[in-house]
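The values are calculated or read from the model by the stated rules, or taken from the named source; none is laboratory data. This one's a predicted model, so the numbers in the text were calculated from it and none came from an experiment. Cβ placement follows ideal geometry from the backbone for every residue including glycine, while neighbour counts extend to all protein chains displayed.
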Amino acid sequence: MRRRIIVTALVLLLGACAPGFDGTPVATTTTAPVGSPQAEFEAARTLWASAGPDDYTFEFIDDCGECLPARRNPRRVAVLDGTVLAVDSENLLTVEEVFASIGQALDEGRDVQVTYDPQTGAPVDVQIDMDMRPVDGGTHWVFTDFTEFQPVGSAAELLEARRSWEALQLDDYQFVMRVDCGGCTEQGAFDVKVVDDRIVEVARLDRPGEFNNVTPVTIDRTFDDFEEWFTDREALIAQGILEVEIRVDPIMGYPRWVYVEAENPADSTEVFTGIVTMDLVSPYVPDDSPDSGDLIALQEARNLWEFTAIADYRYTMTVHCPCPEEFTGPFEITVRDQQVASATWKGNPLGPEQGPVYTIEQVFDLIQKTIEGGKDVEVVYDPESGYPANVVLDVEAVAVDGGLAFSISNLQPLGEPGIVAGRVLAGPTCPVQQDPPDPACADRPVNGAVLVVVDETGMEVARVTSNPDGFFEISLEPGTYRIEPRPVEGLLGTAPPFELDVISGFSDQVTVSYDTGIR
């Protein structure tokens, strides 16, 4: 930026001294009177261009009279590459934009009074049309604490920033985080609240109500990760495989802006880039109402579940109510890509009226909605994965008309399903075995044979029926199963049960043999 300005100034200087037709210098610019607001403005702008930092932070107060308090409160502003780093940047200006506003007001002949910093030229107090208050407001901006916004260059600098942050002793705080990610979908703007170094609430700001695909971490945890980058990952950074740039707030010390670029180790043509901006860090006063504990426990469990990153899984749901078993289960729920792929009861598809069918994420949402609705909940979360293992919603209404109680068990992550295919045959078909075998006496296919699939817990998870040619095929999640053939009318003996290991992505071929009773 400075080089371009210096070159431009040099061109203007040479132009001002260019000789006229008679060989005498001719002035090509108009100079403002010395001491005038225009001259002070031009001098300050030139000083800032030469002495001001490229990237900087400052505290900004908009003394806007009768406007909302949120706009009048002091605000720490960070500027990087000529852009304000803030989620709500529309009311925040860079120094260059402030100069542009002052210049426009001077050109329009408005009442302008500005105080400039003598060292850098930055405007520190800007008043425009103040005599028009309280008619239409006028403008009064105050800028203080200008500080260069430098990247962290060493582990020692990072430690110094962390000490500044820890000196604030903010056990409960809130901040706004923006995530911009190249090559992935994990991005957005979020309002994050922290209590006792635990995230208790995450609210999406850019698209309220949509699924939250980002799991924020506390500022202390962020420092832990950065310290690892400066140690364990130093070799990757040196090799150019990983590029990390960190800029911390020069006053509070917290990470204000982070840039990460990393190559895919399996394919160097794939590059992941991510930018995380933290803004509006301030103390947070948590809600001490009886429900706040439930919300904290819910958020902790949800964070633990999201940390496991289990997208495909199967679990057993049992509803607790004095109802017929077809309405209580247990039901087998299979989830793939955060969508319910199948729901069965005794191997048959679950009807819409039979029982609740949820993904784990939907169960979390249901619990949160019940808490926020002022209803009492009782939830036990799995200590390892965080999913709700036992859930009672609207405790007082469970036995009356609206509460819901259920449990989740046997949750298992899933790989790709395996295929079990085969044929059901019945024999012998002739009373006397012949050698060599007579083709006319070969075992015949069995139509309509029902094969029940039972998992290791003894739960029926599926069933399949053979076609007129005796063939069958079924898709099963990886695991060990017991296949239990059912009797077939007209056949004397039922095929014996057998066990089968289903491997992810593989296909097994089996033959199921019934006895015709012919001797």
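For the stretch 353-383, the set of residues classified as among the charged types (D, E, K, R) and at pLDDT below 90 consists of Glu353, Lys369, Glu372, Lys375, Asp376, Glu378, listed by residue number.
Can you tell me how many residues within the stretch 307-320 are of a type outside the set (Val, Ile, Thr), outside any strand (DSSP E or B) and surrounded by 17 or more Cβ atoms within 10 Å (Cβ to Cβ)?
First pass over the stretch 307-320, keeping only residues of a type outside the set (Val, Ile, Thr): 307, 309, 311-315, 317, 320.
Checking which are outside any strand (DSSP E or B) leaves us with 307, 309, 311-312, 320.
Adding the requirement that they be surrounded by 17 or more Cβ atoms within 10 Å (Cβ to Cβ) leaves 312.
Selection size over the stretch 307-320: 1.
Scanning the stretch 335-394 for residues that are small (Gly, Ala, Ser), free of Cβ contacts under 8 Å to residues at least 12 places away in the same chain and out of contact with any strand residue (DSSP E or B) (no Cβ under 9 Å at 6 or more places or on another chain) yields a total of 1. Selection of first residues in the stretch 88-107 that are more than 17 Å from Leu280 (Cβ to Cβ) and touching a residue at least 12 places away in the same chain (Cβ under 8 Å) and of second residues that are assigned to a loop (DSSP other than H, G, I, E, B) and of a type in the set (D, E, K, R), restricted to Cβ pairs under 8 Å at least 6 apart or on distinct chains, gives the following pairs, ordered by first then second residue: Ala105/Asp129. Select from the stretch 159-196 the residues that are under 16 Å from Pro250 (Cβ atoms) and touching a strand residue (DSSP E or B) at 6+ places or on another chain (Cβ under 7 Å) and list them in ascending order. Selection gives Ala161 alone.
Where strands (runs of 3 or more DSSP E) sit wholly within the stretch 409-519, those with at least 1 residues that are on the phi < 0 side of the Ramachandran plot, surrounded by 14 or more Cβ atoms within 10 Å (Cβ to Cβ) and without any contact (Cβ under 8 Å) to a residue 24 or more places away in the chain occupy 460-465.
Identify, from the list Arg76, Arg163, the residue that is closer than 30 Å to Arg204 by Cβ, of a type in the set (D, E, K, R) and outside any loop (DSSP other than H, G, I, E, B). Break it down into steps so the answer makes sense when it comes.
Working: Arg163 fails: closer than 30 Å to Arg204 by Cβ.
Result of the check over Arg76, Arg163: Arg76.
Inclusion of Ala266 among residues that are in the same structural domain as Ala343 (by TED's automatic domain parsing) and either surrounded by fewer than 18 Cβ atoms within 10 Å (Cβ to Cβ) or modelled with pLDDT of 80 or more (or both) is not warranted. Scanning the stretch 368-385 for residues that are surrounded by 18 or more Cβ atoms within 10 Å (Cβ to Cβ), β-branched (Val, Ile, Thr) and outside any helix (DSSP H, G or I) yields Val377, Val379. For the stretch 411-429, indicate whether the set of residues that are in contact with a Cys (Cβ under 8 Å, 6 or more places away or on another chain) and modelled with pLDDT under 85 is non-empty. So far as the stretch 411-429 goes, yes, one or more of its residues are in contact with a Cys (Cβ under 8 Å, 6 or more places away or on another chain) and modelled with pLDDT under 85. Scanning the stretch 301-330 for residues that are among the aromatic types (Phe, Trp, Tyr), in contact with a strand residue (DSSP E or B) (Cβ under 7 Å, 6 or more places away or on another chain) and modelled with pLDDT of 90 or more turns up Tyr313, Tyr315. Among the residues making up the stretch 204-224, those that are surrounded by 13 or more Cβ atoms within 10 Å (Cβ to Cβ) and modelled with pLDDT under 85 are Arg204, Leu205, Asn212, Asn213, Val214, Thr215, Pro216, Val217.
Taking into account only those residues within the stretch 321-367 that are part of a strand (DSSP E or B) and touching a helix residue (DSSP H, G or I) at 6+ places or on another chain (Cβ under 8 Å), which is surrounded by the most Cβ atoms within 10 Å (Cβ to Cβ)?
Our first condition is that a residue be part of a strand (DSSP E or B); within the stretch 321-367, this holds for 331-336, 339-345, 348-349.
Now drop any that are not touching a helix residue (DSSP H, G or I) at 6+ places or on another chain (Cβ under 8 Å), which leaves 335, 345.
Numbers: Val335: 24, Trp345: 19.
If we take residues in the stretch 321-367 being part of a strand (DSSP E or B) and touching a helix residue (DSSP H, G or I) at 6+ places or on another chain (Cβ under 8 Å), then Val335 is surrounded by the most Cβ atoms within 10 Å (Cβ to Cβ).
Looking across the stretch 225-247, the residues that are at pLDDT 80 or above and in a helix (DSSP H, G or I) come down to Asp225, Phe226, Glu227, Glu228.
Taking the criterion of being of a type outside the set (A, V, I, L, M) and at pLDDT 80 or above, the residues of the stretch 175-187 that qualify are Phe175, Arg178, Asp180.
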